[in-house]
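These notes are about the structure you will find just below.
Just so you know, all these numbers are worked out from the coordinates, no wet-lab data involved. Because the structure is a prediction, the values reported are computed rather than measured. Virtual Cβ from ideal backbone geometry, glycine too; neighbours counted across all protein chains shown.
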Amino acid sequence: MNAQQPEDVYTHGHHESVVRAHASRTVENSAAFVIPHLTPGTSVLDVGCGPGSITCDFAGLVAPAQVIGLDRSADIVAQATELATDRGVDNVTFQTGNIYDLDFEDESFDLVHAHQVLQHLTDPVAALREMRRVAKPGAIVAVRDADFHGMSWYPEVPELDDWMELYQKIARRNGAEPDAGRRLVSWAQQAGFTQVAPTSSNWLYATAQQRAWQSRVWSERVLHSAFAEQALEYGFANEADLARIAAGWHRWGATDDGFFLIPNGEVIARA
């Protein structure tokens, strides 16, 4: 990492509830905007790959080309490697690495992808420049990030308002940008991309099963993940506050008409 680049603090951390949520992501539900560009023979670098569910999907679409998934956590890389083995995907490898200093030659990949990564970085523009460096001329850099202040829900639950305020405070204390989705075009332009094609898509939790899943995951994260640890460490909340917010998530999840919308910004940028 560049000496001027501070160490990023990951707001979510790697508690089991976080990894479980990330492992539910697929190309279809989280990277559909990339699918038209995933043809057999397309080499892919998936930066910030997490537990590897999207990465393994990429590998199936671009075989026989090689796909590399990169994450800064050795534990998460081990989980991703195990997933690939379990799924019998033999054209994907996982390794640890640093998004600001990718250990690859210039112009190495046909497609460089990052999903829900830039929102956690202190310097997303520098990360995009590095992703651009390892992309071949004319290749694609594809990024997708949620926009927290763009999220909406029904019915109104005061504890979810408190959750949003707390998340914003923690993420910004970490030097990150939780409203990243709306900034992707600007960041890509600042990184030197001249061809930037923006799109957007949503995650929606509005069925009984989806509400139960979303409320359970976030109530656990509020109480047990790095989000909880940082809220307490930074003095932004106490344990009673976290318990109240977690209970609010459960109350929302128990509704018959609950609706939770997560908008995501997306960019296809040409190197």
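Some notes on this structure:
- For the peptides 67-73, 192-198, 215-221, the ranking by packing is 67-73, 215-221, 192-198, with the highest mean count of neighbouring Cβ atoms within 10 Å listed first.
- Length gained on full extension, Arg172 to Ser152, computed as 0.36 nm times the residue gap minus the Cα-Cα distance: 5.2 nm.
- The magnitude of the dipole of the chain, with charges of +1 and -1 set on the Cβ of Lys/Arg and Asp/Glu and taken from the Cα centre, is near 480 debye.
- Inter-probe distance in nm under a simple model that places probes 7 Å from Cα toward Cβ, at Gln189 and Asp90: 4.8 nm
- Between segment 172-248 and segment 115-171, the C-alpha centres lie 8 angstrom from each other.
- Stretch gain in nm, segment Ser200-Glu105, where the contour uses 0.36 nm per residue and the Cα spacing is subtracted: 31.1 nm
- Computed packing ranks the peptides 224-237, 126-139, 107-120 as 107-120, 126-139, 224-237, most packed first, by mean other Cβ atoms within 10 Å.
- Farthest towards the positive end of the charge dipole of the chain, among the residues Trp249, Val44, Ser225, is the Cα of Val44, using unit charges on the Cβ of Lys, Arg, Asp and Glu.
- Fully extending the segment from Glu165 to Thr39 would add 41.2 nm, taking 0.36 nm per residue of separation and subtracting the current Cα-Cα distance.
- Backbone phi angles across segment 139-146, fed through the Karplus curve with coefficients 6.51, -1.76 and 1.60 (θ = phi - 60°), yield HN-Hα couplings of 6, 10, 10, 10, 9, 9, 9, 6 Hz in residue order; Gly and Pro are listed as x.
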